[in-house]
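Take a look at the structure set out below.
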Amino acid sequence: MADAPLERLRAELRELAEPRVRAQQERVLAPADGDELLGVRVPVLRGLARTYRDLTLDEVDSLLRSRVHDERFAGLLVLAEQVRTARGADRGALVDFYLARTGHVDNWDLVDGSAPVVLGPWLLESASDVLDRLAASTSLWERRIAVVATLALIRAGRHEPTFELVLTLRRDPEPLIHKALGWMLREISRHDERALVDFLDRHAPELPRITVRHATERLPPEERARFVKRRREHAPPGGDEQPTAAPTA
């Protein structure tokens, strides 16, 4: 039916697209072959997700399987809205749905917009090895999901899972992982600067340079300079680590 919620959402996405935003997407996202970018701003996507939060999982699945990037993002945000209000087994089922479709969460903005608000809330209430499994994946995006999902834990004062992932993925070959690790460490400094400083005192020389630079952005200038200097002094010949093997602890 032409007025079905899914079709209305798709029509609204195209009506709300902005050429300027699309041009920016093309610069920063490096979309896969066959992807279509519409150019819908993220705050607009979030508003649409609240409006269409009652989509069925079949309809969300249709959005996630779309080759329109903005439709996949909208589907993930609808799922996040549903996770926000679900509890117990219902929330677990939504997380399972997400984890079964990570192949469609295939760009950094999709990961960063979904992992903390879909997987993150479930991590707060469920002991699981899911982070270890994702971190060991051959998929860059699954590894980034593992890292960014810990943002929910950081905000709840639980830093150890992030520290463990930083050490697990410190030799990851992808700069997008190095940056995500630094981002999460920087978030820890917002809540517990001492915890970050203690961690870096032990591990800064073995971390990627970009991770240390991002992690220390909120520290006092003298502290930041100290860690950047330690990282530079202990760098291996030839610069940062660039292993070709799969990520290891």
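The values are calculated or read from the model by the stated rules, or taken from the named source; none is laboratory data. Bear in mind that the values here come from a model prediction, so they are computed numbers and not experimental data. With ideal geometry, Cβ positions are generated from the backbone for all residues, glycine too; neighbour counts draw on all protein chains shown. Side chains included, ligands, DNA and RNA excluded: accessible areas come from the protein's heavy atoms. Shrake-Rupley method; radii C 1.70, N 1.55, O 1.52, S 1.80 Å.
Close amide H contacts of VAL68 (hydrogens built in the peptide plane, cut-off under 5 Å, sequence separation of 5 or more or a different chain): GLU36.
The solvent-accessible area of LYS179, taken with every protein chain present and a 1.4 Å probe, is close to 90 Å².
For a paramagnetic label modelled on GLU18 (point 7 Å from Cα along Cα→Cβ), amide N atoms under 19 Å away belong, within the stretch 32-69, to 37-50, 69.
Within the assembled protein chains, the solvent-accessible surface assigned to HIS203 is about 30 Å², based on a 1.4 Å probe. If the Kirkwood radius is taken over C-alpha pairs of the chain, then at 10 °C and 1.306 mPa s the Stokes-Einstein diffusion coefficient equals 83 µm²/s. Axis of helix 69-85 versus longest Cα principal axis of the chain: the two differ by about 80°, to the nearest ten degrees. Percent of Cα pairs in the stretch 101-149 per distance bin of 5 Å, from zero to the largest separation: 5, 25, 34, 25, 10, 2. Applying the Karplus relation 6.51 cos²θ - 1.76 cosθ + 1.60 with θ = phi - 60° to the stretch 208-220 yields 3J(HN,Hα) values of x, 4, 5, 5, 5, 5, 5, 4, 9, 4, 9, 7, x Hz, where x marks Gly and Pro.
With the contact rule set at Cα under 8 Å and sequence spacing of 6 or more, what percent relative contact order holds for the stretch 1-120?
On the way: 124 pairs, mean separation 28.1, N = 120.
Dividing the mean separation by the residue count of the stretch 1-120 yields 23 percent.
The residues of the stretch 113-195 expose, per residue, 39 Å² of accessible area to a 1.4 Å probe. Against the chain, whose longest principal axis is taken from its Cα atoms, helix 175-191 shows a tilt of about 80°. For the chain, the longest principal axis of the alpha carbon atoms and the long axis of helix 140-149 meet at an angle near 80°.
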